[in-house]
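Values in this text are rule-based calculations from the coordinates and carry no lab data. From a predicted model like this one, the values you see are computed outputs, not experimental measurements. Heads up, the Cβs are rebuilt from the backbone with ideal geometry, glycines too, and the neighbour counts pull from every protein chain shown.
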Amino acid sequence: MTTTSRPVPTRRLGATGPEVSVLGLGCMGMSALYGESDRAESIATIHAALDAGVTLLDTGDFYGMGHNELLIQEALRTAPTAAREQALTSVKFGALRTVEGGFTGYDGRPAAVKNFAAYSLQRLGTDHIDIYRIARVDSDVPIEETVGAIAELVEAGHVRHIGLSEVGADTLRRAAAVAPISDLQIEYSLISRSIEEKILPTARELGIGVTAYGVLSRGLISGHFTRDRELAAGDFRGMSPRFQGENLQRNLDLVERLRALAEAKGVTVAQTAIAWVLAQAERQGTDIVPLVGARRTDRLAEALGALDVTLDAADLAAIEEAVPAGSAAGERYPAAQMAHLDSEH
């Protein structure tokens, strides 16, 4: 397996955003939606990421109802000073939860935005959030009002940059007319490529970067997921259409095609999938930063190894033939959650 020992390079996140590592660490799985996780291992993974030069830590205030932000605070507090000072926090807000863990909608009202931020600052143990974004557009609140409230937090010094999440091209334009937007966080992978038609070109036109989550499609195209894997209670993948029945088998068939190409290069499936996303940035504008959702140090090491994988034109053509755009079976979320995606409307 390819690993890397060199420092992780950096790139600017959009025209107005911060300089960040070319790979970010998505921390959600350390607290929610993928079953039980090991707290000590999670903190060790954050420390290992910071030590390697990963500076961007992505979270949401609703991941484990604040658990993830508290976990990041602990990890940063116990990290070496130099690493802690380089870390940047990207925080999503707005999701409404029940005591039982259910989701009941999104709140993008200005007063709610500022309330969410106050709680996040407390849990993170910091005086500012580097990038702040609503997780999903609140259909009852114009995006201009939500972004305007974040802009006021920027003016007050509580937030450094404004981001967006899962919005379509039209909403992106409306938001950018209110205040500078550093980046759009949105799912983008070999098997989730719908942003390529309108959203990605619009972001590039506006000078807005992309932080790509789901680059391994929640482990589906990591090369580690098997058809007979038993998922823990509460694991999101138990409800995800792409992990169900015939959809799962068809998607794993795609993974086996990708595995043949990866093994020919002496790298892993996950590294190939991550390198493909990185290659889209290198070929088209260095404006995409993949987020890897590693929960363990070994998975992080594997992901970092993707930085040393070079995909030439022949490699990319072979990958395209093996896993063509639109070849995934099933939607990326259940129908109820798809309805909340402004990016899909």
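If we sort 329-338, 218-227 on the protection proxy, mean other Cβ atoms within 10 Å, highest first, what's the order?
218-227, 329-338
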Just need log10 I(q)/I(0) for segment 1-147 at q = 0.18 Å⁻¹, Debye formula, equal scatterers on the alpha-carbon atoms, no solvent, rounded to two decimals.
-1.11
DSSP beta bridges in segment 35-135, what fraction antiparallel, as a percent rounded to 5?
25 percent
Explain nothing, just the number: relative contact order of segment 259-344, from Cα pairs under 8 Å at least 6 residues apart, as a whole percent.
26 percent
Stokes-Einstein at 25 °C, 0.890 mPa s, Kirkwood radius from Cα pairs: D for the chain in µm² s⁻¹?
122 µm²/s
Kirkwood-based Rg/Rh on the Cα set of segment 161-227 evaluates to 1.07
Using only the alpha-carbon atoms, how far is helix 67-77 inclined from the longest principal axis of the chain? Give it as 0 to 90 degrees, nearest 10.
90 degrees
Find the eigenvalues of the gyration tensor of the Cα atoms of segment 116-217, then list the square roots of 5 times those eigenvalues as equivalent ellipsoid semi-axes, largest first, in whole angstrom.
24, 16, 12
For segment 213-273, I need the span (max minus min coordinate) of the C-alpha atoms along each principal axis, in Å, sorted largest to smallest.
36, 23, 18
With a cut-off of 8 Å between alpha carbons and a minimum separation of six or more residues, what is the relative contact order of the chain in percent?
22 percent
In degrees, nearest 10, the alpha-carbon axis of helix 143-156 is tilted away from the dominant principal axis of the alpha carbons of the chain by 70 degrees
Quick one: putting +1 on the C-beta of Lys and Arg, -1 on the C-beta of Asp and Glu, what dipole do you get for segment 47-104 around its Cα centre, in Debye to the nearest 20?
60 debye
Can you list the lysines whose alpha carbon is less than 22 Å from that of Lys114, not counting same-chain residues fewer than 8 positions off?
Lys92
Show me, bin by bin at 10 Å from 0, the whole-percent P(r) of segment 219-341 based on Cα pairs.
12, 39, 38, 11, 0
When DSSP beta bridges are limited to those with both residues in the chain, what percentage is antiparallel, rounded to the nearest 5?
20 percent
Find the Cα radius of gyration of segment 277-345, compare it with 2.2 N^0.38 Å by division, and give the number to two decimals.
1.40
Could you work out, for segment 244-298, what percent of all Cα-Cα pairs fall into each 10 Å distance bin, beginning at 0 Å and stopping at the bin that holds the largest distance?
21, 36, 38, 5
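Give me the dipole magnitude in Debye, nearest 20, for segment 30-153 about the Cα centre, with unit charges on the beta carbon: positive for Lys and Arg, negative for Asp and Glu. Spell out each step's value before the answer.
Details: 10 positive and 18 negative charges, 19 e Å.
Dipole size: approximately 100 debye.
In debye to the nearest 20, how big a dipole does the chain give about its Cα centre with +1 on each Lys and Arg Cβ and -1 on each Asp and Glu Cβ?
With Lys and Arg at +1 and Asp and Glu at -1, about 240 debye.
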How far is helix 245-265 tilted off the main Cα axis of the chain, in degrees rounded to 10, range 0 to 90?
70 degrees
I need to check one value: relative contact order of segment 268-315, counting alpha carbon pairs closer than 8 Å and at least 6 residues apart, in percent.
48 percent
Mind ordering 230-241, 135-146 by average Cβ neighbours within 10 Å, highest first?
135-146, 230-241
How charged is the neighbourhood of Gln73? Take every other residue with its Cβ under 12 Å from the Cβ of Gln73, and add Lys/Arg as +1 and Asp/Glu as -1.
+1
Taking amide H atoms as placed 1.01 Å from N in the peptide plane, list the residues 5 or more away in sequence, or in a different chain, whose amide H sits under 5 Å from that of Ile129.
Val159, Arg160
Round to a whole angstrom and tell me the spacing of the C-alpha centers of segment 36-98 and segment 119-173.
18 Å
